[in-house]
Amino acid sequence: MLDLGLGTDALWSDLAFAGVVASAFAVQGTIGFGAMLVAVGVGGQLMPLERLVPIGLLLSIPPNLLLIARDHRHVDRRLLFGRVLPAMALGVPVGVWLLGAAPDAAVRIAYGAFVAALAVRELWRSRPGGSGAGAPLDTPRALGLLGVGGIVHGMFSTGGPMVVTVVGRLGLDKRVFRATLLALWLTLGVWTATGHAIAGRLDAETAVRSAKLLPALAIGTWLGDRLHDRVDPARFARWVQGLLVAAGLSLIIRALLG
């Protein structure tokens, strides 16, 4: 029986977390981001975030590597290496440190509020007659938002919303947008994993737990890749944002109730 360290060996708990992993990577395969937002936002109901984040981080590397091997021609390297990656990489070590320094309840409340607020914001922007993506941000605002995204990515491996706020305003082709983000997550994943390993959160036990979830990851990645060309990404993203609102509020309530 799969034991994910959930405090119980019950089969339903194991299957629930495997289902979360499969759903999370189906979302990322479909719209290019969101795997860790879903995995941490929903999976945070099942285990402490300090244990969950390294597991999800390890799981995120193989599918990103495979997809980038196929779609590397679509990566906007100038945007990735000249602007986005340097700004985010500086914030990652700060986030890795904060994850271990703050109490788990405080981390859950902060993350739940962060996820719910961003999801509500995106739902409002995507409503009929809404503002849409908006005009490109000026350089100082863009770099500042990406720096904050790096800190959040170091804590939860979920800096995607800040990146999408910046990159989503540039009018990139759908394939270029997805491939560039996947290349970013792959690079930051290795960098963040190094930080967690130094902090002692990423060890052999974490690797074993992640390996047991590879079948769920494979199913989710396969499904997301199929859905990418078959569903309306805007409608699908709205559904995901609704799920994240509920997950964020649930994390806050559970933390407050102890």
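Suppose the filter is under 22 Å from residue 223 (Cβ atoms), more than 13 Å from the chain's Cα centre (by Cα), modelled with pLDDT under 80 and assigned to a helix (DSSP H, G or I); does residue 71 pass it? Break it down stepwise before answering.
On the way: under 22 Å from residue 223 (Cβ atoms): yes; more than 13 Å from the chain's Cα centre (by Cα): yes; modelled with pLDDT under 80: no; assigned to a helix (DSSP H, G or I): yes.
Taking the combined requirement at face value, the residue does not satisfy it.
Please specify each residue of region 29-81 satisfying the condition of being acidic (Asp, Glu) and either touching a Pro at 6+ places or on another chain (Cβ under 9 Å) or over 26 Å from residue 201 (Cβ atoms) (or both).
So the first thing to find is which residues in region 29-81 are acidic (Asp, Glu), and the list is 50, 71, 76.
Within region 29-81, 71, 76 qualify.
For region 212-232, give me the residue count where each residue is of a type in the set (Asp, Glu) and either touching a residue at least 40 places away in the same chain (Cβ under 8 Å) or open to solvent by less than 50 Å² (accessible area, probe 1.4 Å) (or both). Even if it seems obvious, please write down each step before you answer.
Start the filter on region 212-232 by keeping residues that are of a type in the set (Asp, Glu), which leaves 225, 229, 232.
Narrowing further to those that are either touching a residue at least 40 places away in the same chain (Cβ under 8 Å) or open to solvent by less than 50 Å² (accessible area, probe 1.4 Å) (or both): 225.
Selection size over region 212-232: 1.
Considering only region 133-211, give the helices (runs of 4 or more DSSP H) lying wholly within it that have at least 3 residues that are open to solvent by 10 Å² or more (accessible area, probe 1.4 Å) and more than 30 Å from residue 17 (Cβ to Cβ). Outline the logic, then answer.
Working: elements: 139-156, 160-167, 174-198.
Once the helices (runs of 4 or more DSSP H) in region 133-211 are filtered for at least 3 residues that are open to solvent by 10 Å² or more (accessible area, probe 1.4 Å) and more than 30 Å from residue 17 (Cβ to Cβ), what remains is 139-156, 174-198.
Name every residue in region 43-60 that is under 13 Å from the mean Cα position of the chain (by Cα) and open to solvent by 40 Å² or more (accessible area, probe 1.4 Å), in order of residue number.
58
Out of curiosity, is residue 103 within 24 Å of residue 195 (Cβ to Cβ), of a type outside the set (A, V, I, L, M) and in contact (Cβ under 8 Å) with a residue 24 or more places away in the chain?
Details: within 24 Å of residue 195 (Cβ to Cβ): yes; of a type outside the set (A, V, I, L, M): yes; in contact (Cβ under 8 Å) with a residue 24 or more places away in the chain: no.
No, not satisfied.
In region 21-35, what residues are modelled with pLDDT under 80 and among the aliphatic types (A, V, I, L, M)?
Across region 21-35, the qualifying residues are 31, 35.
Under the condition of being part of a loop (DSSP other than H, G, I, E, B) and more than 14 Å from residue 116 (Cα to Cα), which residue from region 25-42 is nearest to the chain's Cα centre (by Cα)?
First, pick out the residues of region 25-42 that are part of a loop (DSSP other than H, G, I, E, B): 32-34.
Narrowing the set further to residues that are more than 14 Å from residue 116 (Cα to Cα) leaves 32-33.
Values: 32: 10, 33: 6 Å.
Here the residue is 33.
The values are calculated or read from the model by the stated rules, or taken from the named source; none is laboratory data. Computed from a predicted model, the values in this text were never measured in an experiment. With ideal geometry, Cβ positions are generated from the backbone for all residues, glycine too; neighbour counts draw on all protein chains shown. Just so you know, the surface numbers come from the protein's heavy atoms only, side chains and all, with ligands and any DNA or RNA stripped out. Shrake-Rupley method; radii C 1.70, N 1.55, O 1.52, S 1.80 Å.
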